[in-house]
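In what follows, a single structure is set out as structure tokens and then discussed.
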Amino acid sequence: MTNWKEHERRTARRLSGVRSGNTGTAVADVTAGAWAVECKSRRDLPAWLLDAMTQAKRNALAGQTGIVVLHQVGQRSDKDIVCMSLADFTAWAGAINAEPTGE
């Protein structure tokens, strides 16, 4: 089994979601309630990103969750990307596989 498939399966289990599999269509890798999850697996993640995650976690006070916000110079802040560990995300989000509220 390839690494990316197992990563998708683990993520689906962790989020109580469903893995879509390689359907050849544009769908989320994992669907978990209100979340459409795109899974990426790499042998190495950028050291600067791992360092930023460590710094955010280290500097968080009691009761806080460390996050990293990535910003591309020249872009609107609405396009910034928020990074947090999967453990922190599931602790924060609680029961993931709930129906989307829809608006």
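Structural remarks
- Filter result (surrounded by 15 or more Cβ atoms within 10 Å (Cβ to Cβ), of a type outside the set (D, E, K, R) and over 14 Å from Ala93 (Cα atoms)) within segment 19-36: Ser20, Ala28, Val30, Thr31
- Qualifying positions in segment 25-39 - part of a loop (DSSP other than H, G, I, E, B), without any contact (Cβ under 8 Å) to a residue 12 or more places away in the chain and more than 14 Å from Leu86 (Cβ to Cβ): Thr25, Ala26, Val27, Ala28
- Check on Ala93, hydrophobic (A, V, I, L, M, F, W, C) and at pLDDT 95 or above: no
- Residue in segment 48-90 that is farthest from Trp35 (Cα to Cα), counting only those that are modelled with pLDDT of 95 or more, in a helix (DSSP H, G or I) and of a type in the set (Asp, Glu): Asp51
The values are calculated or read from the model by the stated rules, or taken from the named source; none is laboratory data. Since this is a predicted model, take the numbers as computed values, not measurements. Heads up, the Cβs are rebuilt from the backbone with ideal geometry, glycines too, and the neighbour counts pull from every protein chain shown.
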